[in-house]
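*Asks:* Take a look at this one; I'll ask things after.
The values are calculated or read from the model by the stated rules, or taken from the named source; none is laboratory data. Because the structure is predicted, anything quoted here is derived from the model rather than measured. Reconstructed Cβ throughout: ideal geometry from the backbone, glycine too, with neighbour counts over all protein chains shown. What goes into the accessible areas is simple: the full protein's heavy atoms, side chains included, and nothing from ligands, DNA or RNA. Shrake-Rupley method; radii C 1.70, N 1.55, O 1.52, S 1.80 Å.
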Amino acid sequence: MRIKLTNAQILVNVYTTVFKGEVCIENGKIIYVGKEDYQGEFDRVIDCKNNLVMSSFCNAHTHAAMSLFRGIADDLPLDAWLFQKIFPLEAHLTPEDVYWGTMLQIAEFAKNGITAFADMYYYPEMVYEATQKANMAVALCCGANSYSNYDVIRTIEKNYNLYHKKTDRVRYFPGLHAEYTCEESLICKVADFLAESGAKSYIHLAETLKEVGECTVRHNGLTPTQYLHKLGFFDNGGVAAHCVYVDKDDIALLKQSRIVPVINSASNLKLASGIAPVQAMLRQDLQLAIGTDGSASNNATSIFKEMYLFSCLQKYSLKDAAAVPAENALQAGTQNAFEAFDFEAGQLIVGNMADMILIDCHTPNMQPLQHIVKNLVYAGDSSNILLTIAGGKIIYEYGNYHIGEEIDTIYKKCNLMQEKLLKKAKI
């Protein structure tokens, strides 16, 4: 499909000046970005009415089908949240549950301007099916642990061969849930697979002080970062979610290993886990990305909220209003996050995937327009999104969803499934 977005304010990337022009799309890719009138036949010409066209967001850490658990495991510390609520519910999940839970999350993503996400959850084939319907880009991230009731390595190998770079919108990252849920033998086996395949890894890392403390007791003073590095888990680079409790030595190892930390500020605040040292990581030139975590712990999936917290929590923690400016936050929510999974997106340049959003600038919270990036991070929210385009397909437009399933059907299915899971888990 050929689409032309005209009469737009255009933000190519975080560090470019906004200009008046147009963006043209063909076969899911950007074919023109500029000030001139691009000639040709188009299936749709959209008058942006002087609103802002920019990159969409990439949610670099989530568990999409956990949308089914929204509102039923709240106001609990992480251990109780995980072991008393989430694990018992997950024990009864079916492939159908995961499909419809993922579709609900995709609907929220579309409304919130998110067109790509890294999903660490069960039944990746159902997540893949849902993303294909919606044309979302997805990095399927294995989150196995030593309690998994299947052959982890064989499953990872099968999924890696099946999904990794299947298209320019699908990736597979072999990985594990966390150090504290995995025996050393399993970590070593996955590290061996990573070495043989050349794949990057994915894991929850240093999310709580308890996790780090218990790891140092088990492993002769080594932090989770140091322990995983020692076992070769980080040798090919990759992505680590949370990184709340990483010290200067950990940060040096993450940089050396080419690991992208994913900051999940709202989830970590809600679970009282802590505040990641974003400023310290930026000072060491780490590439940081932003995630929302799952809807059972956040409970929303707004990158706008995450960008605000990404910046402002550092200002508070360091008592420095200049810490982590808005540009760093927007970079983490767009270009850095896409690039962490080798997606060619995150900035509006010719040849990139056509993943973009239209921001309503004719609202009080976006005026005046002197500093658009600052407005986006400190004042913007998902209500400003008028249009979401994923790989050249319009998936959200002025309150309407085009994601492969009817929105009312998704709501009905997910409400019934939550009731069923609560009964089975006896919660």
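*Asks:* Identify all residues within segment 39-56 that are touching a residue at least 12 places away in the same chain (Cβ under 8 Å) and either assigned to a strand (DSSP E or B) or open to solvent by 70 Å² or more (accessible area, probe 1.4 Å) (or both); write none if there are none.
*Replies:* 41, 43, 44, 45, 46, 47, 49, 52, 53, 54, 55
*Asks:* Now for a separate question. Residue 267: within 20 Å of the chain's Cα centre (by Cα), of a type in the set (Ser, Thr, Tyr) and part of a loop (DSSP other than H, G, I, E, B), yes or no?
*Replies:* For residue 267, the condition - within 20 Å of the chain's Cα centre (by Cα), of a type in the set (Ser, Thr, Tyr) and part of a loop (DSSP other than H, G, I, E, B) - is not met.
*Asks:* Please work out if residue 4 is of a type in the set (Lys, Arg), assigned to a strand (DSSP E or B) and either touching a helix residue (DSSP H, G or I) at 6+ places or on another chain (Cβ under 9 Å) or open to solvent by less than 40 Å² (accessible area, probe 1.4 Å) (or both).
*Replies:* Working: of a type in the set (Lys, Arg): yes; assigned to a strand (DSSP E or B): yes; either touching a helix residue (DSSP H, G or I) at 6+ places or on another chain (Cβ under 9 Å) or open to solvent by less than 40 Å² (accessible area, probe 1.4 Å) (or both): yes.
When the stated conditions are applied, residue 4 passes them.
*Asks:* Please enumerate the residues belonging to segment 59-105 that are assigned to a helix (DSSP H, G or I), under 12 Å from residue 414 (Cβ atoms) and out of contact with any Gly (no Cβ under 8 Å at 6 or more places or on another chain).
*Replies:* Correct list: 96, 97, 98, 99, 100, 101, 102, 104, 105.
*Asks:* Now a separate question. Filter segment 316-330 down to the residues that are more than 14 Å from residue 114 (Cα to Cα) and either in a loop (DSSP other than H, G, I, E, B) or in contact with a Leu (Cβ under 8 Å, 6 or more places away or on another chain) (or both) and list them by number.
*Replies:* Listed by number, the residues that qualify are 319, 320, 321, 322, 323, 324, 325, 326, 328.
*Asks:* Kindly indicate which of 330, 318 is over 26 Å from residue 163 (Cβ atoms), at pLDDT 95 or above and surrounded by 21 or more Cβ atoms within 10 Å (Cβ to Cβ).
*Replies:* Residue meeting the stated conditions: 330.
*Asks:* Another question, if that's okay. Only residues that are under 16 Å from the mean Cα position of the chain (by Cα) and either in a helix (DSSP H, G or I) or surrounded by fewer than 22 Cβ atoms within 10 Å (Cβ to Cβ) (or both): list them for segment 333-357, please.
*Replies:* Hits for segment 333-357 are 333, 335, 336, 337, 338, 339, 340, 342, 344.
*Asks:* So, one more: Go through 396, 316 for me and flag whichever is hydroxyl-bearing (Ser, Thr, Tyr) and free of Cβ contacts under 8 Å to residues at least 40 places away in the same chain.
*Replies:* After applying the criteria, what remains is 316.
*Asks:* Quick check: anything in segment 237-247 of a type outside the set (A, V, I, L, M, F, W, C), within 25 Å of the chain's Cα centre (by Cα), farther than 27 Å from residue 117 by Cβ and open to solvent by 40 Å² or more (accessible area, probe 1.4 Å)?
*Replies:* Yes - at least one qualifying residue is present in segment 237-247.
*Asks:* Moving on to the next point. Report every pair of residues separated by at least 6 positions or lying on different chains whose Cβ atoms are under 8 Å apart, first residue within segment 282-295 and at pLDDT 95 or above, second among the charged types (D, E, K, R) and not in a helix (DSSP H, G or I).
*Replies:* Correct list of pairs: 295/70.
*Asks:* All but one of (1) out of contact with any Asp or Glu (no Cβ under 7 Å at 6 or more places or on another chain); (2) more than 21 Å from residue 278 (Cα to Cα) hold for residue 330, so report the exception by its number.
*Replies:* Condition not satisfied by residue 330: (2).
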